[in-house]
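Structure, as C-alpha cells:
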Amino acid sequence: MWKCEVVDGTELDVEEVAALYRASTLAERRPVEDGARFAGMVRGANLVITARAAGQLIGIARSLTDGVYATYLSDLAVDQAFQRQGVGRALIQATRDAAPQASLVLLAAPAAVGYYPRIGFTQHNSAWVMERAAG
Ligand SMILES: CC(C)(COP(=O)(O)OP(=O)(O)OC[C@H]1O[C@@H](n2cnc3c(N)ncnc32)[C@H](O)[C@@H]1OP(=O)(O)O)[C@@H](O)C(=O)NCCC(=O)NCCS
C-alpha cells in the first residue's frame, strides 16, 4: 500500500526525485538532466506532496501556492509501475486539502490531456502563457 504526505521540498533527495520523473516518463518534458535547474525546481516548490510505497518514492505533486487563492500544479508524476491505482488522484486531493481556498491551475502534458477531465478539472478557454525566455 502507498501513502501520501506533505513534505518540505528542500529536504527531498533530488536524485530520487529525478529517478521518479524518469520512471513516470515526465522526464521527457522536464530538465532533469540539468542538475542545477532541476534542483531549483524541487527546492523552489512550496507545496510538495509525495507518495511512497514501502519507502519507495512512487509519486509526486509539485506546486507553487499562496495558500489562499491560487495553486499552480507544475508537475504531477506517478511511477509507471504504480499508475492507474489512484495515486495521481490522491496526490491532487492532498494538494487541494493543503490549500482548500485556492483554485488549482495546471498545464496538461500531451499524455495527460484526457486525464484531468476525469478527476474534476474543467478546461479553461482563456488561459494564456508567456513562454520562458530561455531554456
Ligand atoms: C497522469 C498521471 C499523473 C496519472 O496518475 P495515475 O496515478 O495513473 O492516475 P489515477 O490512478 O489517479 O487515475 C484516475 C483516473 O484517471 C484515469 N486515467 C489515468 N491516466 C489517464 C490518462 N493518461 N488519460 C485518461 N485517463 C487516465 C484512470 O483510469 C482513473 O480512472 P477511474 O477513476 O475511472 O478508475 C500518470 O499517468 C503520470 O505520471 N503520467 C506521466 C507524467 C505526466 O504526463 N504527468 C502529467 C503532467 S501535466
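None of the figures in this text is laboratory data; all of them are computed from the coordinates on show. These figures come from a predicted structure and were not determined experimentally. Don't worry about glycine lacking a Cβ; one is built from the backbone with ideal geometry, like all the others, and counts go over all protein chains shown.
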Loop-resident chymotrypsin sites (Phe, Trp or Tyr not before Pro) in the stretch 1-104 with no more than 13 other Cβ atoms inside 10 Å, DSSP not H/G/I/E/B, are Tyr69
Formal net charge of residues neighbouring Thr65 (Cβ-Cβ distance under 13 Å; K, R +1; D, E -1) = 0
In whole percent, the Cα-Cα distances of the stretch 2-118 spread across 5 Å bins from 0 upward as 2, 12, 24, 26, 22, 12, 2, 0
